[in-house]
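Please read the structure below before turning to the comments.
Read-outs throughout are calculated quantities, based only on the coordinates presented, and are distinct from any laboratory measurement. Everything quoted here is computed from the prediction, not taken from an experiment. As a convention, Cβ positions derive from the backbone with ideal geometry for all residues, glycine included, and neighbour counts pool all protein chains shown.
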Amino acid sequence: IKNDPTNRAATEQLLGIYSKLNRWPDYVKLLAVKAENARDPAAQLELTLQVASLYLDKFNNQGEAIKHYERALELDPQNDTATQYLLDMYEKRRDWEKYIKVSLSLIEDNLEGNMEKLKELARLADERVRKPAVSIELWEKVYAIDGGNDEAIGNLAQMYERDKNWEKLGEMLKLQAQRTMDENEKKAVLV
């Protein structure tokens, strides 16, 4: 196996031996090698999911499981098992940026139909991620779908100001001025 990791017969024999001897660390490492060398994408996905599951069941190693579930999502972005596990783990670990990325991938095909979820993710980015680029990207998606969304316009104006993006800030302030009915508020925005 060391000289030829693609040798299927040797790999299967060793997996059988490791399983009988309960040598799970060796088993899971070899299964990961088998997954990486699988030519068929469906087989590669299935083996990757098995490796992730073994890391959880046999070793309670969430870090390694996460790596393999992330790999599974690379192979199949719509994989429910990997998606659900990663969302749960990212939420538990408070890894909000990755949580948002995976959540966004679930609704990206129909952002318009999932506007509330998109706004929820944008608010989460504002509160938890604290990276202006992430929040700006999400609020820009909301604005692209609904150019009259006051929440998006207001948030983008604040973020563009913090980011010193004067051109885009000017656009948002013009919109705010056009949309407000209160004369004093309109004057304040224009100033």
Everything considered on the Cα gyration tensor (a ≥ b ≥ c; rounded for a/c under 1.5, else prolate if a/b is larger than b/c, else oblate), the range 113-154 must be described as prolate
Rounded if a/c under 1.5, otherwise prolate or oblate - the range 23-102, Cα gyration tensor axes: oblate
Neighbour cut-off at most 11 other Cβ (10 Å), DSSP loop, trypsin sites (Lys or Arg not before Pro), the range 86-161: Arg94, Arg130
Here the relative contact order (percent) of the range 103-142, from C-alpha pairs under 8 Å and at least 6 apart, is 37
Beyond 27 Å, what share of the Cα-Cα pairs of the chain remains, rounded to the nearest whole percent? 48
What do you get for Rg/Rh of the range 44-91 when both radii come from the Cα atoms and Rh is the Kirkwood radius? 0.93
Using only the Cα atoms of the range 51-162, build the gyration tensor, take square roots of its eigenvalues as a ≥ b ≥ c, and label the shape rounded, prolate or oblate: rounded if a/c is under 1.5, else prolate if a/b is larger than b/c, else oblate. prolate
Ranked packing of 66-73, 20-27, 146-153, most packed first, by mean Cβ within 10 Å: 66-73, 146-153, 20-27
Which whole-number percent gives the relative contact order of the chain, counting Cα pairs below 8 Å spaced six or more residues apart? 9
Among Ser103, Ser53, Ser19: highest mean-square fluctuation, GNM of the chain, C-alpha pairs under 10 Å: Ser19
Please give the contour-minus-distance gain from Arg123 to Glu151: 0.36 nm per residue of separation, less the Cα-Cα distance, rounded to one decimal in nm. 9.1 nm
Just Ala35, Ala177, Ala125 to compare: in a GNM of the chain, with alpha carbon springs under 10 Å, which one fluctuates most? Ala177
In whole angstrom, how long is each semi-axis of the equivalent ellipsoid of the range 81-144, when you take the square root of 5 times every eigenvalue of its Cα gyration tensor and sort them from largest down? 19, 15, 8
Computed [θ] at 222 nm, helices only, for the chain once each DSSP H run of length n ≥ 4 contributes -39500 (n - 2.57): -24000 deg cm²/dmol
Considering the chain as a Gaussian network with a 10 Å cut-off on Cα pairs, which listed residue, Val33, Val102, Val51, attains the greatest mean-square fluctuation? Val33
Evaluate the Debye formula for the range 76-118 with equal point scatterers sitting on the alpha carbons, no solvent, and hand back log10 of I(q)/I(0) at q = 0.19 Å⁻¹, in q order, two decimals. -0.57
FRET E, pair Arg93, Leu21, Förster distance 22 Å, beta-carbon r, rounded to 0.05: 0.05
Any idea how many Lys pairs in the range 1-132 come in under 24 angstrom at the alpha carbon, given 8 or more places apart or on separate chains? 29
